[in-house]
Every structure is written in structure tokens, then in C-alpha cells.
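Let me begin by presenting the structure, written as C-alpha cells, before commenting on it.
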């Protein structure tokens, strides 16, 4: 970790709660720019985590939209019963975008989320996901398609998903906040910024106090 605190955001492109959490993520990145490292990682939803029908999906969307007081309702048009909960493709495309845009650029995953959640586009189809990503960023579609289908990208997605489960997390979005002095906080399922701000501020203050002590007293004597 180059900064005193790092925040890892575990996402699934087709998670409605990740969609609702996006303003909080943007707020955090702006608030702590230059002081905290931010990174996102894919945590694939299991097939059984997806709705089983359009009607069920709409019910979930009415509940979450009411909960967050949204002025719009999410669009279930992306749902395809025949996929039986397999929507890995848009997540592979989002992950592949790193190879062309770097770690900081999140336009692909955001564009895919909006295309599905707001416009109802069926991004479970690889070609559709690639087209949306290419249009949003200008990345060449064939190169992006090849990267999304590569063993390396699929391995990274599998590894980050396993990391999500290794922390015994169950809900997305999830936020893992860690400091250089070993502090760690985990939030799973929360979609607002306030609790994350409290944890980050506490860790930044803790690190600053350690640094102050080191300035006055140096490193600990050898044991």
C-alpha cells in the first residue's frame, strides 16, 4: 500500500446495490483523493444469487428503489431466464478494461452497469457487453473481446471473487478498508458513504499518531 489507507471495493456489474452505492464510491474517491488508495475488484455473484424471473427481479427493484428513495426504477430488461444465473461476460469485459485503461479508469464497469440497470440491455451477451464498453471508451472492440475471453482475465476475476469469499463476505457492494499499521474494517451490503468515512477517518488518524510517535521516539528497540 503506497497510501496509509487502502479501500477495496468488491463489485458485481449486475448488482443493483452496487449501482446504488456508486455515488458513495465517487464521493469517497473525491473526498480522499491523494490520501487514500482506491481499487475495485470483481466479486462474481453465484448463479443462485440472481433472480429467477422478471417478476422477481422487478420486486427486488421496487424494494431497493424505495429504500434508497430513487427517482427512477431499475430496469429488469437485462434478465434472461435461459442463462440460469450465468452472467460472467460483462464482468470479464470490465476486468479486461484494465489492460487498456489502467486501474483508475472505471468507465467500462460503470457503462455496463448503467446499460443494464437503467436501459435494460442484455449485457450477459459478450458481444453486447463489448460493444457497450467500446462505445464508452473508444477501446477497439476486437482487442477488448480477446482480452475478456483470455485465461488471464478469467483467472483474475476468479481470484478476486475468491478473495471476496475468503473474507466471509456475502453481500455486494463490499468494502475492505486497510491501513499500513494493520487496521482493517469490512463493510458488506452498505451503500452509503457515512460509515465508510468514519472508518477511513479513524484509520488515517491512527496512522498519523503512529507517525508522530515515530518522529519523536524512533523505531521500537530490537527484541
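Every number here is computed from the coordinates shown, using simple stated rules; none is lab data. Everything quoted here is computed from the prediction, not taken from an experiment. So basically every Cβ, Gly included, is an ideal-geometry build from the backbone, and we count neighbours across all protein chains shown.
Before moving on, here are some points about what is shown:
- Rounded FRET efficiency, nearest 0.05, which uses the C-beta distance separating residue 163 from residue 81 and R0 of 41 Å: 0.85
- Cα long-axis angle, helix 194-217 against the chain (0 to 90 degrees, to the nearest 10): 30
- Our helix-only sum for the chain, with -39,500 (n - 2.57) per DSSP H run of n ≥ 4 divided by its residues, gives a mean residue ellipticity at 222 nm of -16000 deg cm²/dmol.
- Simple spin-label estimate for residue 198 and residue 52 in nanometres, 7 Å along Cα-Cβ: 3.8
- Modelled FRET efficiency - R0 25 Å, residue 114 with residue 152, Cβ distances, 0.05 increments: 0.40
- Residues residue 37 and residue 137, FRET efficiency given R0 of 22 Å [Cβ-Cβ distance, rounded to 0.05]: 0.45
- Using alpha-carbon coordinates, inclination of helix 16-31 to the longest axis of the chain, degrees: 40
- Coordinate range of the alpha-carbon atoms in segment 1-95 per principal axis, descending: 45, 30, 18 Å.
- Within a Gaussian network of the chain (alpha carbon springs, distance under 10 Å), most fluctuating of 130, 52, 93: 52
- Each part reduced to its alpha carbon centroid, segment 71-109 and segment 37-61 end up 11 Å apart.
- Protection proxy ranking of 171-182, 199-210 - average other beta-carbon atoms within 10 Å, highest first: 171-182, 199-210
- The reciprocal of the average 1/r between distinct C-alpha atoms defines the Kirkwood hydrodynamic radius, which for the chain equals 18.6 Å.
- Site pair residue 66 and residue 214 shows an inter-label distance of 5.1 nm when each label is modelled 7 Å from Cα along Cα→Cβ.
- Protection proxy ranking of 45-51, 68-74, 103-109, 113-119 - average other beta-carbon atoms within 10 Å, highest first: 113-119, 103-109, 45-51, 68-74
- For segment 102-223, alpha-carbon Rg and Dmax in angstrom: 20.3, 61
- Considering only beta bridges that DSSP places wholly inside segment 5-217, some 60 percent are antiparallel.
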